[in-house]
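The values are calculated or read from the model by the stated rules, or taken from the named source; none is laboratory data. Not measured: the values here are computed from a predicted model. Every residue, glycine as well, gets a Cβ built from its backbone with ideal geometry; the counts of neighbours run over all protein chains shown. Just so you know, the surface numbers come from the protein's heavy atoms only, side chains and all, with ligands and any DNA or RNA stripped out. Shrake-Rupley method; radii C 1.70, N 1.55, O 1.52, S 1.80 Å.
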Amino acid sequence: MKNKVNIGDRVELIFINDSLTRLKPGNQGTVTKIVSETDETLVWVQWDNGELLALLDPIDKFKVVKK
């Protein structure tokens with residue numbers, strides 16, 4: 001996993017490969033669950049806009065803004 005992130009961290013979206021979401025770069029949310037696969041990690045985020053949507057690391061880009 002490129003981003004070191006833990007449950008409870010606040011993250012900010014940089015890029016998401018999902019055309020159906022309302023999320024935009026700069027949106028923030030709180031990490032609620034992390035599921036690691038072999039090559040990818042799902043980082044579930046409760047976004048401040050009300051969406052609950054996972055980021056696929058390393059395809060989607062985000063940064064931790066507060067631990």
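As a calculated quantity, the FRET efficiency between residue 22 and residue 66 at R0 = 25 Å, using C-beta atoms, amounts to about 0.65.
Taken over the C-alpha atoms, the chain has Rg and Dmax values of 10.6, 30 angstrom.
The lysine pair tally for the chain, using Cα distances under 13 Å and a gap of 8 or more places or different chains, is 7. Ranked by the mean number of other Cβ atoms within 10 Å of their residues, highest first, the peptides 50-63, 17-30 come out as 50-63, 17-30.
As a fraction of the 1.4 Å probe accessible area of the chain, surface on carbon and sulfur atoms comes out at 52 percent.
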